[in-house]
């Protein structure tokens, strides 16, 4: 088969992480099919090389309605048997059977994540169009599958749940000199609590900051490190830091290189992930793979991903969140138990299995 894959989003968080790990795993298990990877010239080097991978350079912007028609020509010229998009934006016409991966529908569940009504209208319409056009739908969790059925009435048999995984680089790192290099790079010192996300409302940085402020009043000596890109639409977290006078205690390193993340997980005393909603939620799994204890909300897909390997909390319960963080920091026995459970849980997920199940989708819709 000649399989096309939309890799234009390879540098994004979320979709880009999924794309890179899936393509790498497919290159390791599938030498028979030919893959045409549509990518931008400026990010083509982010895509790995493989004997059966061909990079086709394109210029069509992901969200340009007008340029979608040029995208049709790119797909036709590639003479594909199957096309897979890891994102919901599809051209008006697809010249071959296709697959879409839906990661979440959070803007429809928590509208504050996408404040513009026009953007939400486009988002819902684009998702509906993709779900109706494709022959196969991959949902990254049972939670996302339920959301697809709830919002769009998609037949259940059209959707297959295929989990993501922590990449192999997320592992225990005991070389303190390596950890120090990365900590120095971002101006960080131990001890600290870690969150990997962004300031969008569903990530619940506001609740985490309120819980942390309560801990600081009790003499808590840890810092809080919030990793994620800035977003001028969502300024409440930084305003809260100023309001609570925690400028020296809450650190915003901003964007962190992917290769540095395993070091930061390893250096943290605990990952705290109090999201109101996630389609999958990779950071808890990545932290567990590094042997880092996790405090995690009990919302949406996180129950599926984390199981009993984390300390679960209600994301709306600020006091409960603060108590959970304090328990993990102060109770060595609890920390050890969470570490052991976390390592075992993370080992149950693998990108090879993700690739194998994705290949089954390709084979199924090509018949």
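Of all residues in region 24-55, count the ones that are in a loop (DSSP other than H, G, I, E, B), free of Cβ contacts under 8 Å to residues at least 40 places away in the same chain and within 22 Å of residue 358 (Cα to Cα).
Selection size over region 24-55: 7.
Can you tell me which residues in region 187-210 are more than 22 Å from the chain's Cα centre (by Cα), farther than 19 Å from residue 328 by Cα and surrounded by 14 or more Cβ atoms within 10 Å (Cβ to Cβ)?
188 - this is the single residue of region 187-210 that is more than 22 Å from the chain's Cα centre (by Cα), farther than 19 Å from residue 328 by Cα and surrounded by 14 or more Cβ atoms within 10 Å (Cβ to Cβ).
Tell me whether region 155-172 contains one or more residues that are touching a strand residue (DSSP E or B) at 6+ places or on another chain (Cβ under 6 Å), over 17 Å from residue 18 (Cβ atoms) and at pLDDT 95 or above.
yes
What are the residues in region 70-96 that are closer than 16 Å to residue 129 by Cα and surrounded by fewer than 18 Cβ atoms within 10 Å (Cβ to Cβ), if any?
Result: 72, 92, 93, 95.
Let me spell it out: the conditions are (1) more than 23 Å from residue 95 (Cβ to Cβ); (2) touching a strand residue (DSSP E or B) at 6+ places or on another chain (Cβ under 8 Å); (3) surrounded by 17 or more Cβ atoms within 10 Å (Cβ to Cβ), and residue 25 meets all of them except one. Which number is the exception?
It is condition (2) that residue 25 fails.
Just give me the residues in region 227-236 being on the phi < 0 side of the Ramachandran plot, modelled with pLDDT under 95 and buried (at least 16 other Cβ atoms within 10 Å of the Cβ), in sequence order.
Within region 227-236, 234 is the sole residue that qualifies.
Within region 1-23, how many residues are within 26 Å of residue 198 (Cβ to Cβ) and part of a loop (DSSP other than H, G, I, E, B)?
Of the residues in that region, 8 qualify.
Among (1) under 18 Å from residue 223 (Cβ atoms); (2) buried (at least 23 other Cβ atoms within 10 Å of the Cβ), where does residue 269 come up short?
Result: residue 269 passes all but (2).
I'd like the full set of residues that are crowded, with 24+ Cβ neighbours inside 10 Å and in contact with a helix residue (DSSP H, G or I) (Cβ under 8 Å, 6 or more places away or on another chain), limited to region 287-300.
287, 288, 289, 290, 292, 293, 294, 295, 296, 300
So that you can scan it fast, the table gives a plain yes or no per residue for (1) over 15 Å from residue 89 (Cα atoms); (2) under 21 Å from the mean Cα position of the chain (by Cα):
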{"residue": "108", "(1), (2)": "yes, yes"}
{"residue": "121", "(1), (2)": "no, no"}
{"residue": "130", "(1), (2)": "no, yes"}
{"residue": "145", "(1), (2)": "yes, yes"}
{"residue": "151", "(1), (2)": "yes, no"}
{"residue": "158", "(1), (2)": "yes, no"}
{"residue": "169", "(1), (2)": "yes, yes"}
{"residue": "175", "(1), (2)": "yes, no"}
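Results for (1) within 18 Å of residue 172 (Cα to Cα); (2) touching a residue at least 12 places away in the same chain (Cβ under 8 Å), shown as yes or no for each residue.
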site	(1), (2)
317	no, no
323	no, no
327	no, yes
331	no, no
341	yes, yes
344	yes, yes
350	yes, yes
360	no, no
366	no, yes
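The values are calculated or read from the model by the stated rules, or taken from the named source; none is laboratory data. Nothing here was measured: the structure is a model prediction, and the numbers come from that model. Cβ sites come from the backbone with ideal geometry, for glycine too, and all protein chains shown count toward neighbours.
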